[in-house]
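Student: Take this structure, written in structure tokens, and hold onto it; I'll ask about it next.
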Amino acid sequence: MSELLLKNVTLADNSQVDIHIKGDRIFAIGSDLSTTGEVLDCSGLMALPGFVDLHTHVREPGKENAETVLTGSRSAVRGGFTAVSAMPNTNPVADTAGVVEQVLRLGKSAGLCDVFPIGAVSAGLNGEHLAEIGAMADSAAKVRIFSDDGKCVSDPLLMRRALEYVKIFDGVIAQHAQEPRLTINAQMNEGVVASELGLTGWPSIAEESIIARDILLAETVKSRLHICHVSTKGSVELIRWAKSRGISVTAEVTPHHLILTDELVRGYDPIYKVNPPLRTNDDVVALRAGLADGTIDIVATDHAPHPAEDKDCEWASAAFGMVGLETAFGVVVTTMIRTGLMDWKRLVEVMSINPARIGGYGDQGQPLEVGAMAHITVVDPKKEWTVDKQALISRSSNTPFHGSTLTGDVIHTIYRGALVLKDQRVMGGENVSNG
Amino acid sequence: MKHLLSINDITAAEAISILDTAAQLQNLTSGTVKKLPTLRGRTVVNLFFEDSTRTRLSFDAAAKRLSADVTNFAAKGSSVSKGESLKDTAQTLQAMGADAIVIRHGASGAAKRLAESGWVSASIINAGDGTHEHPTQALLDAFTIRKHFGPTRSDFVGLKVAIVGDIVHSRVARSNVLLLKKLGADVTVIAPPTLIPYGIESWGVAHSFNLDEDLESFDVVMMLRVQLERMNEAYFPNGREYSRGYGLDEVRLGRLKAHAIVMHPGPMNRGLEISAASADSVRSVVLEQVSNGVLVRMAVLYQLLAGPDQAATGVLA
């Protein structure tokens, strides 16, 4: 049985311990532990429960030139994630048991982290008929989260039925909240910047009106609703209100919406083109406050890799999306910990415990305790580093943070007791092309 | 000045210098010989991704009167319609030796992207990018206004200008607002609320939903083209109602100041935003705008391509 010892590592409560891992479990936590296996000196480093991403585009099947399950898994463990959730907007769409099982199998064969498939709500993401939700739930992938992400389930009847239907197995609908009629040809946040740039606006109300409707639907049918990538101040207020009424709603915010604003679009560089769009400073402040006070439950990356040619063009032709797995932790530390808005305990909740709970991801998101499955992310909480898009592990390099300095980085990642990231080197799948 | 992408890129003094150059060019080319040798051996490419016969012909004439070689590239029926990217198209033209690329594109920001992405090294002139800007139109409009309200004035302080119509989708309006403000004019945009841009308060102009309110106060009334298809997107009920509220008909024309001028960037929708009588009236300077367009575009090409020394002194060799 393989052994691993993390020596002198700090926990989220600031205590300093040794963590002894045997096989895939945490065998002992204490001081002056010893092992016959590998020892990692973790002085100055922190051990946190492995991060869980609830919103990842791994692009396989269909767009393997942007990312594959393997390259996405490698990128994930570089970012400290021991589990990711594969969004279904692939080609073919993950709307049948066959496709979600294929993604599950690709994740297992990559073997670096858990890859949990998310199933489509509607067949072909067309927003007309329910996908085979039950078959996906019963499949080997045991899908519990369903989403048409990239598109909104805008038909209120379909949304109601989907919320009701997933109650069979305590599933959850993850809504991409975007009223389609209010966002025809939308290019960026509706605001003074869009007006000056002559780019069609994506108004906050297009997100908020869907959230308002869906929390009322969730209340009515008593089902679980999850809101993807909340981006506006008004959305935060609606979700806060819903929670105060006891409605079963959870919400995520992306790292980029915690730090970037629509002012960045002024140069028309499509690296800043993302959906939902970058909003204003007021929104950023509200999102940070919502994440800190529990209104927003989790950080989710919305990691959206694109090949270079999809961004190396004029704004209107460019694809929406940013890669985010490898910079998520640094952005959260920079925006939430360094600013004093959040402590490490809360960071563990929003990046590990809560997403695992929402997804029903069994042994993920567990406290670091003896006997627990060893999913551990070891971070340097103080390390300052400059993001270099060329150095990303992801097959794509569309990061908006190239050249930015972040605080906090991931050093080691342990998945099922195995060191899958060691000294920031991914231990597996090296033979894949990165370009 | 390497590119002309936005009115934001030039100062008031630079704008006036372009207008002065255009005036000099007018003197030099008003005789029987309309052509100057200034840009002999230089190549100007008109890269038009949208149909715009007028603007293309205007740039074409401007470049030819300065003796530049002109290549016209229209996207329709070309490699672009087969999926070639803006980048590849521009680099191909650059490889053929373009010194300046005049670009008209349906995407806002396309000209800036071309100038700043490192794809090409040529000078870029924005001939209209999506619903963003159309800087040479604003310059030719300023040239026209200046001719009527003082050909040597260096600012527009005291002039009251109304811009009427589809402000939200108009690159002409955006460039004109920026330039007219830069020159000190008092600008009011007039449109139904659906066609007023979000956050107009931050533009530094007055806005009104009522064309009849202050009509007597304007020195310049600039009518914008309204696309009838907009009614399908619920911007207004139909052409008749639009015309009744925001069209320049004879009654409104009659209320204008004696010296007021009526402008329109063309092409006009007669009977929609402007009545035939208004379009053809003595106040209408629409055709002057067209001929001034060639002069102003000559001035821009000259300032971008003929070297900074000549441009700075305004001396035409």
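The values are calculated or read from the model by the stated rules, or taken from the named source; none is laboratory data. Every value quoted in this text rests on a predicted model; they were computed, and no experiment measured them. Glycine gets a Cβ as well: all are built from the backbone with ideal geometry, and neighbour counts include every protein chain shown.
Student: Name the pairs whose Cβ atoms lie under 6 Å apart, with the first residue in region B:162-186 and over 28 Å from B:Met231 (Cβ atoms), the second of a type in the set (D, E, K, R) and not in a loop (DSSP other than H, G, I, E, B), and 6 or more positions between them or separate chains?
Tutor: B:Asp186/B:Lys160
Student: Of all residues in region B:179-217, which are buried (at least 23 other Cβ atoms within 10 Å of the Cβ), in contact with a strand residue (DSSP E or B) (Cβ under 8 Å, 6 or more places away or on another chain) and under 19 Å from B:Asp155 (Cα atoms)?
Tutor: Matches in region B:179-217: B:Leu180, B:Ala185, B:Val187.
Student: Which one of B:Arg153, B:Arg56, B:Arg104 is away from every other protein chain (no Cβ under 14 Å), in contact with a helix residue (DSSP H, G or I) (Cβ under 7 Å, 6 or more places away or on another chain) and among the basic types (Lys, Arg)?
Tutor: Numbers: B:Arg56 fails: in contact with a helix residue (DSSP H, G or I) (Cβ under 7 Å, 6 or more places away or on another chain); B:Arg104 fails: away from every other protein chain (no Cβ under 14 Å).
Checking each option against the conditions leaves just B:Arg153.
Student: Here is a follow-up. Tell me, please, whether a residue that is surrounded by fewer than 20 Cβ atoms within 10 Å (Cβ to Cβ) and under 22 Å from the mean Cα position of the chain (by Cα) can be found in region A:221-230. Break it down stepwise before answering.
Tutor: Going residue by residue through region A:221-230, those that are surrounded by fewer than 20 Cβ atoms within 10 Å (Cβ to Cβ) are A:221-222.
Then drop every residue that is not under 22 Å from the mean Cα position of the chain (by Cα), which leaves none.
No, there is no match, as no residue in region A:221-230 is surrounded by fewer than 20 Cβ atoms within 10 Å (Cβ to Cβ) and under 22 Å from the mean Cα position of the chain (by Cα).
Student: Moving on. Go through (1) within 20 Å of the chain's Cα centre (by Cα); (2) over 26 Å from A:Val193 (Cβ atoms); (3) within 14 Å of another protein chain (Cβ to nearest Cβ) one by one and return the number of the condition B:Asn176 breaks.
Tutor: (2)
Student: Return the total of residues in region A:114-142 being assigned to a helix (DSSP H, G or I) and either touching a Phe, Trp or Tyr at 6+ places or on another chain (Cβ under 6 Å) or crowded, with 18+ Cβ neighbours inside 10 Å (or both).
Tutor: First pass over region A:114-142, keeping only residues assigned to a helix (DSSP H, G or I): A:123-125, A:133-138.
Pick out the ones that are also either touching a Phe, Trp or Tyr at 6+ places or on another chain (Cβ under 6 Å) or crowded, with 18+ Cβ neighbours inside 10 Å (or both) and you get A:125, A:133, A:136-137.
Of the residues in region A:114-142, 4 are assigned to a helix (DSSP H, G or I) and either touching a Phe, Trp or Tyr at 6+ places or on another chain (Cβ under 6 Å) or crowded, with 18+ Cβ neighbours inside 10 Å (or both).
Student: Within region B:215-228, can one find any residue that is outside the structural domain of B:Leu57 (by TED's automatic domain parsing), outside any loop (DSSP other than H, G, I, E, B), at pLDDT below 95 and within 24 Å of the chain's Cα centre (by Cα)?
Tutor: Within region B:215-228, the first condition is being outside the structural domain of B:Leu57 (by TED's automatic domain parsing), and the residues that meet it are B:215-228.
Filter again for outside any loop (DSSP other than H, G, I, E, B), leaving B:215-217, B:220-223, B:228.
Subset that is at pLDDT below 95: B:228.
From what's left, within 24 Å of the chain's Cα centre (by Cα): B:228.
Scanning region B:215-228 turns up at least one residue that is outside the structural domain of B:Leu57 (by TED's automatic domain parsing), outside any loop (DSSP other than H, G, I, E, B), at pLDDT below 95 and within 24 Å of the chain's Cα centre (by Cα).
Student: Quickly run through region A:143-172 and pick out the residues that are closer than 17 Å to A:Met87 by Cβ and assigned to a loop (DSSP other than H, G, I, E, B).
Tutor: If we filter region A:143-172 for residues that are closer than 17 Å to A:Met87 by Cβ, which is where we start, we get A:143-153, A:162, A:166, A:171-172.
Correct list: A:Val143, A:Arg144, A:Ser147, A:Asp148, A:Asp149, A:Gly150, A:Lys151, A:Cys152, A:Val153, A:Gly171.
Student: May I pose another question? Would you please list the contacts, defined by Cβ atoms under 7 Å and residues six or more apart or on different chains, that run from a residue in region A:126-142 that is without any contact (Cβ under 8 Å) to a residue 12 or more places away in the chain and within 14 Å of A:Gln102 (Cα to Cα) to a residue that is of a type in the set (Ser, Thr, Tyr) and surrounded by 15 or more Cβ atoms within 10 Å (Cβ to Cβ)?
Tutor: none
Student: Strands (runs of 3 or more DSSP E) wholly in region A:24-69 with at least 3 residues that are among the hydrophobic types (A, V, I, L, M, F, W, C) and touching an Asp or Glu at 6+ places or on another chain (Cβ under 9 Å) - which ones?
Tutor: Numbers: elements: A:25-30, A:38-41, A:46-49.
Counting at least 3 such residues, we get A:25-30.
Student: Report, by residue number, each residue of region B:192-214 that is touching a helix residue (DSSP H, G or I) at 6+ places or on another chain (Cβ under 6 Å) and assigned to a strand (DSSP E or B).
Tutor: Selection gives B:His207 alone.
Student: When the residues of region A:314-330 are narrowed to those that are in contact with a Ser or Thr (Cβ under 9 Å, 6 or more places away or on another chain) and under 22 Å from A:Asn281 (Cβ atoms), which ends up nearest to the other protein chains (Cβ to nearest Cβ)?
Tutor: This residue is A:Trp315.
Student: Now for a separate question. Kindly provide the set of residues from region A:244-255 that are closer than 11 Å to A:Pro400 by Cβ and either surrounded by fewer than 23 Cβ atoms within 10 Å (Cβ to Cβ) or among the small types (Gly, Ala, Ser) (or both), ordered by number.
Tutor: none
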